[in-house]
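K.L.:
Pasting a structure here, questions to come.
Values quoted throughout were computed directly from the atomic coordinates according to the rules given, and no laboratory measurement underlies them. It should be emphasised that the depicted structure is a prediction, and the values quoted were computed from it without experimental measurement. Neighbour counts run over all protein chains shown; Cβ positions are idealised from the backbone, glycine included.
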Amino acid sequence: MPSAVTSQNPPTVAAVAESVSRRAALGIRMASVADSLRARRRPLRWVTLPMAWMAESIAIGVMHRRDVAAMVRSTYASRPEFYDPRRYQLPHEARMLPRLLEHRDACGLLDAFCGQGREAKLFADAGYHVTAIDELDWMIRRAQRFRVDAGFSAEFFAQDFFTFDPDRSFDIVYTSCWMYSTIQGSDRRREFLDRCKRLCDENGLAVVSYVNQRANSTAGAWLRFIIAKAAAVLTVGNVRSEFGERVYSGLFWHHLSDATVRREVESAGWQITETVAGTGMEPTFLFLVRMPGGQ
């Protein structure tokens, strides 16, 4: 298992800002402008919303994947208290948990992208033997402190999901709420699904979740996609941008259709055994098992 965590606090916002490229800084600025414009109230919204779409689309087109990753790190570093599990509570996992318990209970569970330990506590309280990982070491330190304060049992390690190489597999590999929609690029999502398979027991279960691309938002998505592609070409930016990509609240999101997700998970050798559907920004959870005869 990995060595002990040494960093207790997130890097300062100034330190993160100094480490990002000019391209990332421009993208972050445009995404921030889009958020500000979206927050405007009527009667100006009919003017500010198209402007927000434009700014967001430029941000998507300008930033390469490494720049998007830098933006996300900057956002988390600027909001450590916001994501404190004593305050940050979501209802979505509780909606999914009873269904998960029907499939597997009281077994070994990997909580990937665990943050500060909110979901780890939920699973530990439900009887799972939890191992939790996150690449941000300061989040792991906070999760360890939360474990002590809240009195639950879990092992926390500062590890990148894509390189984590434990000496055992897990009965359940759970990837944090919405996580599939935060992975940029179909090639990277395939790597994500393959990694789930590597970490999951042969007869185990993987749980992934995503933001659904709503039918009534298709026109806006196409407009953002076209503008993002134009910005990418003009700035030699993210020419691999995909339909449905978004940046808001300082984070990357890919709103995916059910058909796209099904195609991707099946091509990776997974079979959907159950779906817990979400609406709007509620995540849709998929329970995945290996296809018969799959590797």
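K.L.:
Checking the structure you have, find out if any residue of the range 164-176 is closer than 22 Å to Ile133 by Cβ, out of contact with any strand residue (DSSP E or B) (no Cβ under 8 Å at 6 or more places or on another chain) and not in a strand (DSSP E or B). Before you say what the answer is, go through the steps one by one.
P.N.:
Filtering the range 164-176 down to residues closer than 22 Å to Ile133 by Cβ leaves 164-176.
With out of contact with any strand residue (DSSP E or B) (no Cβ under 8 Å at 6 or more places or on another chain) added as a condition, the list becomes 165, 167.
Still in the running and not in a strand (DSSP E or B): 165, 167.
Yes, the range 164-176 has at least one match.
K.L.:
How about the range 209-224: which of its residues are in contact with a helix residue (DSSP H, G or I) (Cβ under 9 Å, 6 or more places away or on another chain) and assigned to a helix (DSSP H, G or I)?
P.N.:
Gly220, Leu223, Arg224
K.L.:
Tell me which residues, restricted to the range 243-268, are crowded, with 16+ Cβ neighbours inside 10 Å, of a type outside the set (Ser, Thr, Tyr) and touching a strand residue (DSSP E or B) at 6+ places or on another chain (Cβ under 8 Å).
P.N.:
Across the range 243-268, the qualifying residues are Gly244, Glu245, Arg246, Val247, Phe252, Trp253, His254, His255, Leu256, Val261, Val265.
K.L.:
Between a residue in the range 42-53 that is free of Cβ contacts under 8 Å to residues at least 40 places away in the same chain and any residue that is in a loop (DSSP other than H, G, I, E, B) and surrounded by 13 or more Cβ atoms within 10 Å (Cβ to Cβ), which pairs come within a Cβ distance under 8 Å, given they are 6 or more apart or on different chains?
P.N.:
Short answer, once both residue conditions are applied: Thr48/Arg40.
K.L.:
For the range 31-51, enumerate the residues that are surrounded by fewer than 20 Cβ atoms within 10 Å (Cβ to Cβ), under 24 Å from the mean Cα position of the chain (by Cα) and outside any loop (DSSP other than H, G, I, E, B). It would help to see each step written out before you state the result.
P.N.:
Applying the first criterion (surrounded by fewer than 20 Cβ atoms within 10 Å (Cβ to Cβ)) to the range 31-51 yields 32-33, 35-36, 38-51.
Now narrow it down to the ones that are under 24 Å from the mean Cα position of the chain (by Cα): 32-33, 35-36, 38-39.
Across the range 31-51, the qualifying residues are Ser32, Val33, Asp35, Ser36, Arg38.
K.L.:
Identify, from the list Phe161, Phe192, the residue that is part of a loop (DSSP other than H, G, I, E, B) and either in contact with a Phe, Trp or Tyr (Cβ under 9 Å, 6 or more places away or on another chain) or farther than 23 Å from Glu242 by Cβ (or both). Outline the logic, then answer.
P.N.:
Working: Phe192 fails: part of a loop (DSSP other than H, G, I, E, B).
Of the residues listed, the single one that is part of a loop (DSSP other than H, G, I, E, B) and either in contact with a Phe, Trp or Tyr (Cβ under 9 Å, 6 or more places away or on another chain) or farther than 23 Å from Glu242 by Cβ (or both) is Phe161.
K.L.:
Sort out which residues of the range 159-184 are crowded, with 23+ Cβ neighbours inside 10 Å, aliphatic (A, V, I, L, M) and out of contact with any helix residue (DSSP H, G or I) (no Cβ under 7 Å at 6 or more places or on another chain), and write them in order of number.
P.N.:
Hit for the range 159-184 is Ile172, nothing else.
K.L.:
All but one of (1) touching a strand residue (DSSP E or B) at 6+ places or on another chain (Cβ under 8 Å); (2) crowded, with 17+ Cβ neighbours inside 10 Å; (3) not in a strand (DSSP E or B); (4) not small (Gly, Ala, Ser) hold for Ile227, so report the exception by its number.
P.N.:
(1)
K.L.:
List pairs: first in the range 234-247 and farther than 17 Å from Tyr180 by Cβ, second aromatic (Phe, Trp, Tyr), Cβ under 8 Å, 6+ apart or cross-chain?
P.N.:
Ser241/Phe225
K.L.:
Any residue at all in the range 146-158 that is more than 30 Å from Pro50 (Cβ to Cβ), among the basic types (Lys, Arg) and surrounded by 15 or more Cβ atoms within 10 Å (Cβ to Cβ)?
P.N.:
Going through the range 146-158, the residues more than 30 Å from Pro50 (Cβ to Cβ) turn out to be 146-158.
Right, trim to among the basic types (Lys, Arg) and you get 147.
Pick out the ones that are also surrounded by 15 or more Cβ atoms within 10 Å (Cβ to Cβ) and you get 147.
Yes, because at least one residue in the range 146-158 is more than 30 Å from Pro50 (Cβ to Cβ), among the basic types (Lys, Arg) and surrounded by 15 or more Cβ atoms within 10 Å (Cβ to Cβ).
K.L.:
Still on this structure, I have one more. Output the qualifying pairs, or none if there are none: Cβ atoms under 9 angstrom, residues six or more apart or on different chains, first residue in the range 102-117 and under 12 Å from Tyr128 (Cβ atoms) and free of Cβ contacts under 8 Å to residues at least 60 places away in the same chain, second residue of a type in the set (Lys, Arg) and loosely packed, with under 15 Cβ neighbours inside 10 Å.
P.N.:
Correct list of pairs: empty, since none qualify.
K.L.:
Testing Ser78 on (1) within 15 Å of the chain's Cα centre (by Cα); (2) closer than 23 Å to Val247 by Cβ, one condition comes back false. Which one is that?
P.N.:
Result: Ser78 fails condition (1) only.
K.L.:
Only one residue in Asp187, Asp165, Asp105, Asp111 is under 21 Å from Asp201 (Cα atoms) and under 17 Å from the mean Cα position of the chain (by Cα). Which one? Even if it seems obvious, please write down each step before you answer.
P.N.:
Details: Asp187 fails: under 21 Å from Asp201 (Cα atoms); Asp165 fails: under 17 Å from the mean Cα position of the chain (by Cα); Asp105 fails: under 17 Å from the mean Cα position of the chain (by Cα).
The conditions single out Asp111.
K.L.:
In this structure, does Ser186 turn out to be touching a residue at least 60 places away in the same chain (Cβ under 8 Å) and either within 22 Å of Asp258 (Cα to Cα) or in contact with a strand residue (DSSP E or B) (Cβ under 6 Å, 6 or more places away or on another chain) (or both)? Show your work before the answer.
P.N.:
Numbers: touching a residue at least 60 places away in the same chain (Cβ under 8 Å): yes; either within 22 Å of Asp258 (Cα to Cα) or in contact with a strand residue (DSSP E or B) (Cβ under 6 Å, 6 or more places away or on another chain) (or both): yes.
When the stated conditions are applied, Ser186 passes them.
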